[in-house]
Structures are given as C-alpha cells and as structure tokens.
Amino acid sequence: MVESWSFLDTAESNFRPLVVIELSKGTKEETIEWFTKRIVDKKANGGAQLLIKPLVTENGVENIYLVGASHLRLLLGAEAVGLVKECSDNSMRTFTYSSRKTFKHYADDNHDFLTMAECQYIIKHELENLRARDEKMIPGYPQAKLYPGKSIVRRLLTSGILVQIFPLHDREELKKLSHSWYGRVKIGYQPLDDIRCYFGETIALYFGFLEYFTFALIPMAVIGIPYYVFAWEDYDKYVMFATFNLLWSTVILEVWKRMCAILTYRWGTLLMKRQFEEPRPGFHGVLGINPVTGREEPMYSSIKRQLRIYLVSLPFVCLCLYFSLYVMMIYFDLEQWALDYHKENESNFSSLMLYVPSIIYAVVIEIMNLIYRYAAEFLTSWENHRLESSYQNHLILKVLVFNFLNCFASLFYIAFVIVDMKLLRQSLATLLITSQILNQFAESLLPYWLQKRYDRRMRKRMCPTKTDMDLSLAEQVNMEKEMGTYLGTFDDYLELFLQFGYVSLFSCVYPLAAVFAVLNNITEIYSDALKMCRVYKRPFAEPTANIGVWQLAFETMSVISVVTNCILIGMSPEVDALFPDSKMDLVLTVALVEHLLLAIKFIMAFVIPDKPRDIQMKLAKLEFESLEALKQQVRAFQMQL
C-alpha cells in the first residue's frame with residue numbers, strides 16, 4: 001500500500017453515523033475514555049482510526065456511541081479487508097487505494113462508491129481487530145484480563161461491559177427496498193442486487209437460493225398434480241415420476257452452483273481471498289504462543305476437545321435420538337387408537353380424528369427440534385472450538401442429524417416396517433403442512449406482531465404522528481437497539497433442507513408435496529423480507545462465495561432420496577408381481593436400478609461445470625495477470641540488488 005495510515009485525520013465535519021455501540025449502564029468513566037481513545041487513535045498507535053460520538057438525548061448523554069469513518073479511511077479499510085469492485089473495463093479486481101481511479105463509478109467526491117453495508121462491514125472489521133498491546137486488564141475492571149493480541153471488543157462483550165454493536169438502518173433506503181421487495185404482491189424476481197447492497201452477500205445469497213429453489217419446484221408441482229389426481233394407486237406410472245424427481249434433484253443443485261458463481265462473481269465475493277481466521281469469542285484456555293501467528297493467545301488441547309465430543313456430546317446426541325424414537329412410538333399408539341375409534345364410530349368426527357395424532361406429533365417435533373437446538377448450541381460451545389467455522393460445522397452436524405431423524409423417522413418406519421402407503425401419504429401431508437404453518441407463525445408472524453406492539457408503545461412516548469422518516473437520530477437508535485437480533489441464516493436453510501427432504505424422499509407416494517412447498521416458499525419470501533426490514537436490527541454484512549456446508553447437506557439428501565424411492569417402487573404390488581418366483585431377483589433388480597440412478601447422478605454432477613465458461617475464463621485471466629505482476633515485482637527487486 002503506497003499511502004500510509006498516519007496521514008489520516010480522525011476528525012471530519014460531515015460525520016455520518018454507521019454503527020452503534022451500546023455499553024452497559026454504570027460503565028466506569030475510565031473504561032469509556034480508554035475504549036473511545038483506542039477507537040480514534042491512529043493505526044500506528046494500535047487504534048482503529050475511526051470517528052466516534054456519544055448519542056445525546058433529552059436525558060443527556062447515555063452509554064450509546066455512534067461510530068463512523070472518513071471517506072478516505074473507508075477506502076483504505078476496503079483495501080485492508082480485500083473488497084472486490086468492478087473496474088472500468090468491466091472486470092472484477094481487488095480494490096487498492098493506489099489504483100482507485102481505475103474502478104467504475106469512483107470519484108473523489110463520490111461517497112457512494114462503497115455501499116453502506118460495505119462501510120459498516122469495514123468498521124466492524126476494524127473494531128474487532130482492536131487488540132490489546134501492553135494492557136493487562138480493562139481499565140476499571142481488574143477481573144477482565146487482557147494480554148497482547150487479545151481482541152478488545154470480544155473481551156468487553158464477554159465481560160458484559162459492551163452490550164451490543166449493530167449497524168444503523170438507512171430509513172430512506174430501507175423504505176425503497178421494502179417497496180420493491182415486499183411492498184406489493186407481484187410475480188417476478190427479487191431485487192437481489194439491492195438486497196446485497198443493503199444487507200450484504202450472505203443474506204442476499206439466501207434469498208437468491210430461496211427464490212431459485214421455489215422456481216425449481218414448479219416443474220415438480222406441475223407434474224405432481226395430474227399424478228395425484230389421475231394415478232393415485234398406479235405405481236407403474238410413479239416410476240417415471242420418481243425417476244424424474246431424482247434427476248431433477250441433481251440438476252437443480254448443480255445448476256444452483258452455476259447461478260451462485262454468477263451472483264458472487266458479480267458481487268465480488270467469488271474473488272475475495274479467505275482471511276486468516278481468528279479465535280472465536282467464547283474460546284478459552286491457557287495462554288500460549290500460536291506457532292502460526294507468533295501471537296500470545298489461549299491454547300486448548302485438542303485431545304481434551306475430542307474427549308468432550310466423544311464421551312459427552314456423542315452419547316447425549318444418541319440419547320436424544322433414542323428419545324425421539326420413543327416419542328415416535330407413542331405417536332403410532334395414538335394412530336392405532338384413532339384408527340380403532342374410527343372403525344367403531346364411522347362418522348365425520350371420527351374421520352377428522354384420524355388426522356389429530358399426526359398434527360400433535362408435528363407440533364411435538366417442532367418443540368423437540370427447538371429444545372434440542374438450545375442443547376446443541378450449549379454442547380458445541382462447551383466443546384470449546386477455537387474457530388468459528390469449526391464451531392458452526394459441529395453445530396450444523398448435530399442439528400442436522402437430530403432433525404433428520406426427528407422429522408423423517410416416522411415416515412421411514414411407516415414405509416419400510418408397517419408398509420402402509422395410505423398412512424404414509426397422510427402422515428407426510430400432515431407433517432409437511434403443519435410444520436410450514438408453525439414455522440411461518442413462529443419465525444415471522446409472532447415476532448412481527450410483538451415488534452409492532454413495541455413500536456406503538458415507543459411512538460406514544462415520543463410523538464404518535466411521526467413516521468419512520470420523521471424520527472430523530474436518537475429516537476431511531478433507541479427504537480432499533482430494542483429490536484430483536486437476527487441470528488443468521490442457519491434456521492432458514494434448515495427449514496429449506498427439511499422441506500427438500502419432504503419433497504424428494506417420498507416423492508412417488510405424495511406428489512403434492514412440491515405444490516405445498518411452492519405455496520409455502522412464496523409466502524416465505526414475503527414474510528422473511530418483512531422480518532429482515534421491520535422486525536430485526538440490521539445485521540452486519542458478511543461476504544460469502546457460496547451457501548457453504550448446506551450445499552453438501554442438500555446433495556446428501558438427494559442421494560438418500562434415490563435409495564428410498566427405489567425401495568418404495570420395488571415394494572409396490574405391481575413391481576412385486578413381476579417377480580413371482582424369486583424375491584432375490586426383485587432385490588437385485590432394485591439394487592441395480594438404484595446404483596444406475598446414483599451413477600447417473602454422479603456423472604451429471606461431474607459433467608455440469610460448477611462455474612460458467614465465461615467466469616472460468618475471467619478467473620483464469622485474473623490469475624495469469626496476478627502471476628505476471630508478481631514476476632515483474634521479482635525482476636524489479638533483482639535489478640535493485
């Protein structure tokens with residue numbers, strides 16, 4: 001970097017608040033003075049070189065501070081985090097301050113060159129990289145120990161001194177986005193580029209996947225309706241439907257990789273280099289020297305972690321799985337009771353009672369999933385993983401295994417043990433529809449209603465005639481700090497994963513599953529958009545190049561669906577009648593078909609490139625230019641010698 005951090009000034013007349021810092025009530029003055037000084041100090045002195053101002057309200061100065069940065073500071077920060085922007089020649093390149101004039105839309109007076117989400121991400125990055133130098137503790141709090149290289153913000157959070165850090169909403173931009181996104185019911189694509197500019201790539205990519213998955217389900221829904229209406233018991237025809245389903249599940253996942261590459265290349269995250277991952281906030285251990293960075297940080301034995309995983313976490317998960325199966329058997333007892341009751345009475349009421357056990361079981365499944373989620377988070381945190389990525393992978397594995405068994409075990413039991421296709425269709429339909437209704441209520445409608453009640457109370461205190469656009473900065477901050485915190489896309493992807501299972505695992509039994517999934521996802525797009533814009537605080541943008549481990553989860557589900565559908569078709573009376581003499585021939589034939597379909601899936605996955613040809617060429621060109629530039633630097637260095 002040609003420019004030095006030292007020439008930056010921390011004062012700017014046109015202060016633009018981007019991020020809010022809330023400290024706990026009663027925070028000591030010396031702590032506040034030390035923390036704010038570290039934020040505004042120059043980089044050479046270990047500071048973040050940002051701008052900070054206290055929030056002044058009618059009650060005076062509260063422990064809430066607004067953080068911003070000068071335009072120049074943000075540009076240098078963009079280089080530090082490795083943001084990728086579009087150049088004047090339409091190529092995507094990593095932004096550097098020295099070559100800033102080669103980037104499209106750049107001008108010295110254009111403060112919109114970086115989106116607000118990018119600016120807030122840069123400030124978050126700089127705050128999280130504020131590290132202790134020679135301090136041994138947080139001033140005023142001897143129990144809050146520090147050591148060289150320790151993240152100050154993370155220590156303040158774990159000590160309870162720092163309540164929260166969150167990015168501010170831009171009310172005007174939010175109003176525009178809300179109108180184009182969910183303000184009016186329309187058939188069309190979501191404004192993914194606008195969502196990305198406002199919320200960042202991770203959230204935009206989730207909504208892109210939700211939209212893509214919904215459109216991909218439409219062919220299954222269209223084909224499934226006539227199968228449901230005209231061929232309910234004709235399993236010969238379901239062979240074609242199930243085969244189409246299996247190939248469809250492979251194609252949509254492979255095509256999504258290409259769509260994802262197109263989006264993330266356009267947004268610049270496909271080219272972003274992976275940064276060195278720092279220890280997660282909850283990681284603890286004995287101080288030692290990291291052999292990679294040479295910095296002092298907590299060290300924890302991997303053997304102790306493995307012992308915790310295999311001697312505590314694994315048995316606990318197995319116990320939860322056993323309990324889930326026990327609850328499932330209670331559900332089947334209820335099913336038998338409802339069936340006996342219907343045989344005795346033969347009335348409309350008794351017909352309705354046949355669906356009651358499945359509805360109760362669906363509600364119990366959602367409650368068990370929720371309770372287990374909290375237990376899994378506690379256990380994974382207790383395992384003391386050093387990196388956030390490792391923590392997330394272990395958490396996702398625990399949750400996916402339990403949710404898969406909890407949601408689908410009863411369906412597998414009905415299909416392959418009881419062998420009752422009518423009950424399987426009934427249970428699948430009830431579980432799918434009930435879970436969708438419960439998720440919509442719990443994730444969107446209930447939080448929105450609670451937030452509306454809170455907004456009304458706040459407006460009565462301030463001024464009931466004010467709109468969102470009329471609120472003062474202090475009023476806006478006070479309203480937003482009480483809003484719920486968006487915890488990420490984990491639950492949203494999990495819901496789609498389970499939905500994909502309901503659609504693909506038993507497609508030859510209940511073709512209408514795709515129809516209900518499409519209807520649910522259309523409402524999900526609007527309810528999730530409403531939730532992001534009205535219910536939760538604005539989350540920090542997080543650059544990402546793909547949907548991560550969820551891609552593997554969906555691909556695994558599609559493989560399992562091949563096996564289940566082949567076995568279901570092989571169990572049908574029509575297919576069974578083709579092998580009257582030898583059941584072994586039937587088993588071998590089903591196994592052969594299943595292996596052939598799996599082979600076709602893997603061949604298709606290999607044949608369909610993950611990235612379109614033009615993006616492959618652009619990436620290869622950038623790699624070649626980078627190597628040439630490196631060679632020139634080496635030659636210049638050798639000539640100087």
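The values are calculated or read from the model by the stated rules, or taken from the named source; none is laboratory data. Treat the numbers as computed from the prediction; the structure is a model and nothing was measured. Every residue, glycine among them, receives a Cβ derived from its backbone with ideal geometry; neighbour counts consider all protein chains shown. What goes into the accessible areas is simple: the full protein's heavy atoms, side chains included, and nothing from ligands, DNA or RNA. Shrake-Rupley method; radii C 1.70, N 1.55, O 1.52, S 1.80 Å.
Couple of notes before you dig in:
- Per-region count, the range 180-195, residues in a helix (DSSP H, G or I), within 18 Å of residue 527 (Cα to Cα) and open to solvent by 10 Å² or more (accessible area, probe 1.4 Å): 3
Condition check ((1) modelled with pLDDT of 90 or more; (2) of a type in the set (Asp, Glu); (3) part of a loop (DSSP other than H, G, I, E, B); (4) open to solvent by less than 10 Å² (accessible area, probe 1.4 Å)) across all residues:
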| residue | (1), (2), (3), (4) |
| --- | --- |
| 14 | no, no, yes, no |
| 22 | yes, yes, no, no |
| 39 | yes, no, no, yes |
| 56 | no, no, no, no |
| 64 | yes, no, no, yes |
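- Out of 145, 150, 124, sole residue that is in contact with a Phe, Trp or Tyr (Cβ under 6 Å, 6 or more places away or on another chain) and either open to solvent by 30 Å² or more (accessible area, probe 1.4 Å) or among the basic types (Lys, Arg) (or both): 124
- Residue in the range 111-122 that is of a type in the set (Ser, Thr, Tyr) and within 28 Å of residue 530 (Cβ to Cβ) present: yes
- Of all residues making up the range 591-634, the number that are small (Gly, Ala, Ser), within 30 Å of the chain's Cα centre (by Cα) and within 30 Å of residue 569 (Cβ to Cβ): 1
- Within the set 157, 162, the sole residue that is within 29 Å of residue 82 (Cβ to Cβ), open to solvent by 30 Å² or more (accessible area, probe 1.4 Å) and of a type in the set (A, V, I, L, M) turns out to be 157.
- A residue that is assigned to a helix (DSSP H, G or I), within 30 Å of residue 64 (Cβ to Cβ) and open to solvent by less than 10 Å² (accessible area, probe 1.4 Å) occurs nowhere in the range 225-245.
- Taken as a whole, the structure leaves residue 26 outside the set of residues that are in contact with an Asp or Glu (Cβ under 6 Å, 6 or more places away or on another chain), more than 28 Å from residue 199 (Cβ to Cβ) and either modelled with pLDDT under 90 or loosely packed, with under 15 Cβ neighbours inside 10 Å (or both).
- Count - residues of the range 292-348 that are farther than 30 Å from residue 386 by Cα, hydrophobic (A, V, I, L, M, F, W, C) and open to solvent by 50 Å² or more (accessible area, probe 1.4 Å): 7
For every residue, the table says whether it meets (1) closer than 20 Å to residue 387 by Cβ; (2) outside any helix (DSSP H, G or I); (3) not assigned by the TED database to the domain that holds residue 69; (4) not aliphatic (A, V, I, L, M).
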{"site": "106", "(1), (2), (3), (4)": "no, yes, no, yes"}
{"site": "110", "(1), (2), (3), (4)": "no, yes, no, yes"}
{"site": "117", "(1), (2), (3), (4)": "no, no, no, no"}
{"site": "121", "(1), (2), (3), (4)": "yes, no, no, yes"}
{"site": "127", "(1), (2), (3), (4)": "yes, no, no, no"}
{"site": "133", "(1), (2), (3), (4)": "no, yes, no, yes"}
{"site": "143", "(1), (2), (3), (4)": "no, yes, no, yes"}
{"site": "148", "(1), (2), (3), (4)": "no, yes, no, yes"}
{"site": "156", "(1), (2), (3), (4)": "no, no, no, no"}
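- Entry remark, the range 363-403: residues being over 17 Å from the mean Cα position of the chain (by Cα), buried (at least 19 other Cβ atoms within 10 Å of the Cβ) and aromatic (Phe, Trp, Tyr) number 2 in total.
- Taking the criterion of being without any contact (Cβ under 8 Å) to a residue 24 or more places away in the chain and among the small types (Gly, Ala, Ser), the residues of the range 567-590 that qualify are 570, 577, 582.
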